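**Q** I'd like to ask you about the structure that follows.
Taken together, the values in this text are just the output of simple stated rules run on the coordinates, not laboratory data. If you're wondering where the values come from, they're calculated on a predicted model, not measured in any experiment. Methodologically, a virtual Cβ is constructed for each residue, glycine included, from the backbone with ideal geometry; neighbour enumeration extends over all protein chains shown.
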Amino acid sequence: MTTDIKEIIIQLESHCLWIETIGEQGEKLGIDEIDLRNVNLSQYPLDQAYITACIFDGMNLNHKDISSSLLCSSTFIYTNLEGADLCKSNVSYADFTNANIKAARLADSECIETVFVKADLSDANLVAGLFNETDFRDAVLFNADVRLATFERVLLKGAKLTGVRGLGEAFIKSINIGTPEHPIILLGAEAKQWLQFKSLNNE
C-alpha cells in the first residue's frame, strides 16, 4: 500500500484520456491493493476501471460515476456514496459497512458476499442486481427498488425494509433472517412473503 501518490495521479489522468478518446489514447485504470484515502479523486473518472482490493474508507464519493468497474474486495467503510453510479459494476467481496449509499445506482451490479452491514441504501436502485450471500444486516433499504434483482442466501437480520419496491418482479430464491453461524433460511414464496410483509410495516 506504499504506491506513490504521483504515480496514482498519472494513472488516473491516463484513464481519463482513455475514456475521453474511447480507448484511442491513454490507458485503462488497473490498480490493486492501493490505499486511495490520500488521493483527491474528485476530478477523475472511475468508470470502466479495474480497482481491486483498494481502500476508499471514509472518502466523499457522492454522485461519483464508478459504473462498469471491477471493485472486488475493495473497502468503502463509512464512505459517502450518496447518488453514486455503480451500475454494471462488480462489487463482490467489497465492504460497505456504515456507508451512505442513499439514492445510488447499483442496477445490474454483481454483489457476491458483499457486505452492506449498517449501510444506508434508502432510495437506491438495485434493479436486476445479483445478490448472493450478500450481507444486509442492520442496513436501511427504505424505498429501494429491487425489480428483477436476484436474492440468494441474502442476510437480512435487522434490516429496515419499509417501502422496498419491485418485490413482485424480483427473483427471491432464498434469504437468511438469522446469522451466518445460526442461519434461519426462508425459501422462494415464503421468503418473498416475509419481505413483502416487512416492506409494508414500519420497523
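**Q** Could you tell me whether the range 25-64 comes out rounded, prolate or oblate from its Cα gyration tensor? Rule is a ≥ b ≥ c as square roots of the eigenvalues, rounded for a/c under 1.5, then prolate if a/b exceeds b/c, otherwise oblate. Can you show the working numbers first?
**A** Working: a/c = 1.95, a/b = 1.23, b/c = 1.58.
Because a/c hits 1.5 or more and a/b fails to exceed b/c, the range 25-64 counts as oblate.
**Q** Springs between alpha-carbon atoms under 10 Å, Gaussian network over the chain: tell me which of E27, E152, E181 tops the mean-square fluctuations.
**A** The residue that fluctuates most here is E181.
**Q** Right, something else. Excluding residues on the same chain fewer than 8 positions from K160, give the aspartates and glutamates whose Cα lies under 17 Å from its Cα.
**A** D120, D123, D135, D138, D145, E203
**Q** Please label the shape of the chain as rounded, prolate or oblate, based on the square roots a ≥ b ≥ c of the eigenvalues of the alpha-carbon gyration tensor (a/c under 1.5 means rounded; beyond that, a/b larger than b/c means prolate, else oblate).
**A** Values: a/c = 2.33, a/b = 2.04, b/c = 1.14.
It is prolate, given that a/c is not under 1.5 and a/b is the larger ratio.
**Q** Quick check: net charge around G166, other residues with Cβ under 11 Å of its Cβ, Lys/Arg +1 and Asp/Glu -1?
**A** Summing Lys and Arg as +1 and Asp and Glu as -1 gives 0.
**Q** Would you mind checking the pairs K6/K102; K64/K88; K118/K157; K28/K102; K64/K173 and listing those with alpha carbons more than 22 angstrom apart?
**A** Numbers: K6/K102 32 Å; K64/K88 14 Å; K118/K157 11 Å; K28/K102 28 Å; K64/K173 32 Å.
Long pairs (Cα-Cα over 22 Å): K6/K102; K28/K102; K64/K173.
**Q** Which residue, S122, S42, S67, has the most motion in a Gaussian network model of the chain that connects Cα atoms within less than 10 Å?
**A** Checking each option, the largest mean-square fluctuation is seen for S42.
**Q** How high is the FRET efficiency between H182 and S68 when r is their beta carbon distance and R₀ equals 30 Å, given to the nearest 0.05? Please report the intermediate quantities before stating the final value.
**A** Details: r = 38 Å, r/R0 = 1.26.
The pair H182/S68 has a calculated efficiency of 0.20.
**Q** Tell me whether the range 153-203 comes out rounded, prolate or oblate; compute the Cα gyration tensor, take square roots of the eigenvalues as a ≥ b ≥ c, and use a/c under 1.5 as the rounded threshold. Spell out each step's value before the answer.
**A** Values: a/c = 2.29, a/b = 1.30, b/c = 1.76.
In terms of gyration-tensor shape, oblate.
**Q** Also: Using the Cα atoms of the range 76-187, I'd like the radius of gyration and the largest Cα-Cα distance, Dmax, both in angstrom.
**A** 12.2, 35
**Q** Could you work out which residue, out of N80, N176, N40, moves most in a Gaussian network model of the chain, that is, has the largest mean-square fluctuation with Cα springs under 10 Å?
**A** Highest fluctuation of the listed residues: N40.
**Q** I'd like the orientation of helix 188-199 relative to the chain: the angle between its Cα long axis and the longest Cα principal axis, in ° from 0 to 90, rounded to 10.
**A** Tilt of helix 188-199: around 80 degrees.
**Q** Working out 0.36 nm times the residue gap between D32 and Q196, then minus their Cα-Cα distance, what length gain in nm do you get to one decimal?
**A** Values: separation 164, 0.36 × 164 = 59.04 nm, distance 3.97 nm.
Working it through step by step, the gained length comes to 55.1 nm.
**Q** Follow-up question, since we're still on this one. Taking Cα atoms, how many degrees apart are the long axis of helix 5-20 and the longest axis of the chain, rounded to 10 and kept between 0 and 90?
**A** Approximately 80 degrees, to the nearest 10.
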